[in-house]
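Some notes on the structure that comes next.
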Amino acid sequence: MTIPIKQLKIHKLNMRLKDPFTTSFGTFQDKEFFITELIDEDGNRGYGESVAFSSPWYSEETVKTNLHVMEDFLIPILKDNQINHPEQVSDLFHPIKRNNMAKSALEGAVWDLYAKREKLTLAAALGGERKQIDVGISIGIQPTVDDLIQTIQHFVDAGYKRIKIKIKPGWDVEVLREVRKHFPDTPIMADANSAYTIDDIEHLQKLDDLNLMMIEQPLEHDDIVDHAKLQAVMKTPICLDESIHSLEDTRKAYELGSCKIINIKIGRVGGLTEAKRIHDFCMDKGIDVWCGGMLEAGVGRAHNVALTTLAQFVLPGDTAGSSRYWERDIIKPEVVVENGLINVPDQPGIGYDIDEEAMDEFTEWTRVYHF
Ligand code: OSB
Ligand code: MG
């Protein structure tokens with residue numbers, strides 16, 4: 001049955017993180033992004049979120065490229081085709097190269113709308129069965145090691161199931177050694193956001209003594225060859241984030257031995273359908289996966305929660321509670337973490353309502369597209 005799409009709205013929002021978040025490539029505090037809203041003839045509303053940042057530091061996409069690609073290429077494709085099932089959308093978008101976060105912002109809204117029409121939770125529509133998901137936390141680079149240790153203690157006390165520490169040259173081995181002394185048994189991992197090169201092999205091998213769950217994306221953002229060389233000489237599992245944009249990238253990384261774990265981010269891989277394909281491949285090959293985060297507002301966060309209900313998401317993800325990021329989120333209720341767990345909502349679609357008052361507060365403008 002065709003999904004009778006009547007209208008699409010793109011809302012441009014500006015929100016401010018409670019605290020600045022620092023990675024090896026830069027610091028974030030003010031976030032501008034889009035919420036997509038698809039409305040059908042029966043009045044159902046499906047929501048998506050674009051996770052691109054303002055600058056192309058994490059990947060080449062930006063807020064502006066997302067709007068350009070949605071308006072000039074992707075929305076016309078949605079208008080020109082009948083959609084019966086959200087899985088068609090990734091094939092329809094396939095001729096447009098990359099621009100995965102733009103694709104995902106629209107595809108996610110189609111999935112939510114479809115699930116609401118079918119009166120299914122988004123988790124169930126994707127085939128997920130978990131009722132609760134395990135949650136970890138990602139901690140940005142801190143001014144001092146003492147600050148880092150205090151911050152970790154705070155989140156360990158709050159029950160988060162694993163701690164991810166951002167590293168970069170000059171803030172790595174010594175810092176993690178100190179952290180290990182204070183937290184001998186805590187599940188800890190490190191994320192370098194591509195801050196090292198293959199010349200750093202010997203330095204990175206020093207991390208092998210620290211009993212880390214994994215090291216995420218140590219080398220170039222587009223590399224899978226040097227990561228294979230590095231994984232061959234390291235005990236610590238390598239997890240790829242930036243390098244994986246598709247199932248094909250995943251297959252190649254698997255064949256080369258570039259990693260043992262994959263961080264699946266819905267936006268980075270072009271949407272929920274491709275995320276699920278990567279998940280299914282990893283399940284088949286015995287590669288552990290977890291769901292990464294992009295400092296999302298509530299809609300993107302809800303999509304992450306739904307995806308994480310799939311069986312091979314065996315490691316805690318980065319989808320922490322709304323209040324870790326925002327004074328006020330744009331969904332009701334907000335995403336809440338208790339004892340390191342999020343209860344998966346049981347309402348249809350993303351399972352959280354839009355907080356219209358909060359949306360109004362953060363919306364800079366809205367554009368309407370008629371189908
Ligand atoms: O590499 O996972 C990453 C934040 C911004 C850009 C890239 C990354 C991150 C995080 C935080 O690690 C994830 C989150 O808490 O949403
Ligand atoms: Mg990462």
Are any of the residues in the stretch 82-105 of a type in the set (D, E, K, R) and either within 18 Å of the chain's Cα centre (by Cα) or open to solvent by less than 10 Å² (accessible area, probe 1.4 Å) (or both)? yes
Of the listed residues (Val337, Val344), the one being more than 15 Å from ligand 1 (Cβ to nearest atom), open to solvent by 10 Å² or more (accessible area, probe 1.4 Å), hydrophobic (A, V, I, L, M, F, W, C) and at pLDDT 95 or above is Val344
Which of (1) within 16 Å of ligand 2 (Cβ to nearest atom); (2) over 23 Å from Ser243 (Cα atoms) does His154 not meet, given it meets every other one? (1)
Failed condition for Glu178, given (1) without any contact (Cβ under 8 Å) to a residue 24 or more places away in the chain; (2) outside any loop (DSSP other than H, G, I, E, B); (3) not aliphatic (A, V, I, L, M), with all others met? (1)
Test result for Asp200, at pLDDT 95 or above, within 21 Å of Tyr254 (Cα to Cα) and either over 24 Å from the mean Cα position of the chain (by Cα) or not β-branched (Val, Ile, Thr) (or both): no
Only residues that are closer than 17 Å to Gly292 by Cα and of a type in the set (Asp, Glu): list them for the stretch 223-248, please. Asp241, Glu242
Among residues of the stretch 14-63, those that are over 28 Å from Gln142 (Cβ atoms) and not charged (D, E, K, R), counted: 11
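Table: residues versus (1) of a type in the set (D, E, K, R); (2) in contact with a strand residue (DSSP E or B) (Cβ under 9 Å, 6 or more places away or on another chain).
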site: Leu210; (1), (2): no, yes
site: Ala232; (1), (2): no, no
site: Lys235; (1), (2): yes, no
site: Ser243; (1), (2): no, no
site: Arg251; (1), (2): yes, no
site: Ile262; (1), (2): no, yes
site: Leu272; (1), (2): no, no
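The values are calculated or read from the model by the stated rules, or taken from the named source; none is laboratory data. Everything quoted here is computed from the prediction, not taken from an experiment. No Cβ is skipped: glycine too gets one built from the backbone with ideal geometry, and neighbour counts run over all protein chains shown. For the accessible areas, the whole protein counts, side chains as well, though only heavy atoms, and no ligand, DNA or RNA atoms are used. Shrake-Rupley method; radii C 1.70, N 1.55, O 1.52, S 1.80 Å.
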